[in-house]
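One structure is given below, encoded as structure tokens.
The values are calculated or read from the model by the stated rules, or taken from the named source; none is laboratory data. This one's a predicted model, so the numbers in the text were calculated from it and none came from an experiment. All Cβ positions, even for glycine, are placed from backbone atoms using ideal geometry, and neighbour counts span all protein chains on display.
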């Protein structure tokens with residue numbers, strides 16, 4: 001928006017200060033450097049006069065203060081949830097039951113029966129069994145093949 005302003009534009013009307021985003025003062029400063037005055041319609045603020053500039057700085061400072069309070073509260077809540085061990089997912093219960101799953105499947109139970117007995121999804125059983133198969137799979141040596149190009153006869 002700012003880069004596309006031409007010399008004929010001397011005023012930018014904004015419906016509400018929220019439309020300028022969190023960098024309100026920075027955007028207004030860049031516009032004023034190009035010689036464009038900003039008028040915020042819902043607050044009846046005009047940056048052409050000293051009162052409008054003062055009010056804009058106050059509004060910007062309050063918005064920054066509110067944002068910092070929101071971030072600090074968010075960090076407090078994240079710390080509380082992390083202390084409970086539930087931040088970004090709970091404790092992986094299915095992987096904690098891996099040995100029991102291996103024992104049940106080795107004993108002849110189906111994957112669905114093992115999942116039902118342990119109270120986990122059948123998808124988790126398949127995922128855990130796949131990790132065991134990956135660990136037990138023998139390492140295959142790479143096979144190199146020599147390819148010859150077919151002879152083309154004209």
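Observations on the structure shown:
- Consider the stretch 35-56 and keep the residues that are surrounded by fewer than 14 Cβ atoms within 10 Å (Cβ to Cβ) and in contact (Cβ under 8 Å) with a residue 12 or more places away in the chain. The one that is farthest from residue 12 (Cα to Cα) is 42.
- Number of residues in the stretch 66-125 that are without any contact (Cβ under 8 Å) to a residue 40 or more places away in the chain and within 30 Å of residue 24 (Cα to Cα) equals 12.
Residue-wise test of (1) touching a helix residue (DSSP H, G or I) at 6+ places or on another chain (Cβ under 9 Å); (2) at negative phi; (3) in the same structural domain as residue 40 (by TED's automatic domain parsing).
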residue: 63; (1), (2), (3): yes, yes, yes
residue: 68; (1), (2), (3): no, yes, yes
residue: 105; (1), (2), (3): yes, yes, no
residue: 113; (1), (2), (3): yes, yes, no
residue: 120; (1), (2), (3): yes, yes, no
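- Filtering 43, 55 for residues that are in a loop (DSSP other than H, G, I, E, B) and in the same structural domain as residue 27 (by TED's automatic domain parsing) leaves a single hit, 43.
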